[in-house]
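Notes follow once the structure below has been shown.
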Amino acid sequence: MTIAVIGSQGMLGRDCVEVLSQSHSVVALSKADLDVTDPLSIHTALSQIPDLDVVVNCAAYTDVDGAESRPDTAFLINETGPLNLAQWCKDHPVTLIHFSTDYVFDGTGTTPYSEQDPVSPINRYGASKLAGEVAIRNTMDRHYIFRTQWLYGLHGNNFVQTIRELLRTKPELHIVNDQIGGLTWTRDVAVTIRRAVQSTIPYGTYHLAASGYASWYDVTRHMATLLGVSIPIHPVSSTTFPRPAPRPHNCRLNCEKLWGTRLPRIPHWDERLTEFLL
Ligand SMILES: NC(=O)c1ccc[n+]([C@@H]2O[C@H](COP(=O)([O-])OP(=O)(O)OC[C@H]3O[C@@H](n4cnc5c(N)ncnc54)[C@H](OP(=O)(O)O)[C@@H]3O)[C@@H](O)[C@H]2O)c1
């Protein structure tokens with residue numbers, strides 16, 4: 001199978017390239033190689049790849065707070081980009097794998113969100129990612145949209161890397177404990193999508209996260225224990241750290257649709273974080 005990974009220099013993109021290359025022929029395309037906002041750039045880059053089977057779109061505008069002041073940029077990359085890719089993939093025809101987010105939900109629910117639950121983003125990043133989903137669904141059938149969340153990995157700015165540094169350098173920490181979600185290693189996402197294309201699960205939208213749920217405070221405490229750090233860590237409300245973009249409180253994704261396809265479940269977040277850190 002030949003797979004093109006777009007946004008290959010991003011946090012998830014780099015792990016997708018590494019993991020998919022173990023079993024498939026992979027063409028890694030950075031933003032300089034392919035700009036998703038430009039249909040000509042898409043055509044030029046993708047039409048050169050012989051026997052292309054799958055396009056994995058890891059390109060996105062991911063600055064959640066930045067999207068509040070730059071919504072046009074966010075929508076250009078997160079809505080028009082996927083639309084352009086879907087049109088090319090439909091015409092050629094090639095399977096498209098795309099990533100979306102738990103931020104399509106408003107977070108007011110009291111249980112984990114399933115794929116059927118109504119969407120209602122509360123920030124512009126979430127709205128732009130939702131628009132990208134809709135653009136793909138309206139354009140082509142042969143697609144997978146994986147809504148994932150709370151990603152961390154080796155290659156990028158993320159909560160785990162930030163907290164690791166803060167635990168090393170600060171005398172105490174105040175960490176939000178009223179947002180709950182599923183902390184997920186980008187490597188596990190990459191392994192799961194490799195399995196998904198190999199076992200040809202039905203096309204459609206799936207939630208994809210590690211097992212179990214936690215608050216950012218829970219994650220930080222687990223990290224402190226693992227790293228042998230004993231500074232005071234205080235749980236605080238999101239209102240302690242006002243941000244330009246509001247965050248949903250209940251970010252939990254119900255991933256049973258995906259695991260019901262018989263793909264192996266990603267183990268519990270704390271087990272995966274332990275492997276990542278140690
Ligand atoms: N990170 C999370 O916690 C999280 C949670 C839920 C869902 N997701 C989704 O997961 C996917 C991957 O996220 P990530 O954290 O890996 O993002 P990331 O590290 O920010 O990577 C995104 C990549 O897209 C590239 N890009 C930006 N504009 C582009 C364009 N016009 N054409 C081509 N490439 C472009 C970026 O290049 P430059 O850096 O050079 O601009 C960057 O390499 C995204 O769809 C994101 O919405 C992420």
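Quick note: the coordinates plus some simple rules give every number you see, no bench work behind them. Since the structure is predicted, the reported quantities are computational estimates derived from the model, not experimental observations. When we count neighbours, we look across all protein chains shown, and the Cβ atoms used for this are built from the backbone with ideal geometry, even at glycine.
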Label-point separation in nm, Arg195 to Thr110, each point 7 Å along Cα→Cβ: 3.3 nm
DSSP bridge pairs, the chain: antiparallel proportion in percent, nearest 5: 5 percent
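Grab the beta carbon distance between Glu68 and Val236, set R0 = 22 Å, and tell me the FRET efficiency rounded to 0.05. It would help to have the intermediate numbers written out before the result.
Values: r = 22 Å, r/R0 = 1.00.
So the FRET efficiency works out to roughly 0.50.
Using the Cα centre of the chain as the reference point, and only Cβ charges (+1 on K/R, -1 on D/E), how large is the resulting charge dipole? Debye, rounded to the nearest 20.
Values: 23 positive and 28 negative charges, 79 e Å.
In total the dipole reaches around 380 debye.
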Debye equation applied to the C-alpha atoms of the chain, log10 I(q)/I(0) at 0.08, 0.15, 0.16 Å⁻¹: -0.32, -1.14, -1.29
Listed residues Pro171, Pro235, Pro39, most fluctuating in the chain (Gaussian network, C-alpha, under 10 Å): Pro171
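On a full-extension model of 0.36 nm per residue, what is the gain between Ser23 and Arg262, subtracting their alpha-carbon distance, rounded to one decimal in nm? The partial results should precede the final answer.
Working: separation 239, 0.36 × 239 = 86.04 nm, distance 1.99 nm.
Residue separation times 0.36 nm, minus the Cα-Cα distance, leaves 84.1 nm.
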20 Å Cα-Cα reach of Lys257 towards aspartates and glutamates, excluding residues that sit fewer than 8 places from it in its own chain: Asp102, Glu115, Asp117, Glu133, Asp141, Asp188
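For His43 and Thr274, FRET efficiency with R0 = 45 Å and r from the beta-carbon atoms, rounded to 0.05? Provide the component values of the computation, followed by the final result.
On the way: r = 44 Å, r/R0 = 0.99.
It comes out at approximately 0.50.
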Cα-centred dipole magnitude for the range 44-141, charges only on beta-carbon of K, R (+1) and D, E (-1), debye, nearest 20: 160 debye
For the range 1-52, the Rg and Dmax computed from alpha carbons only, in angstrom: 10.7, 30
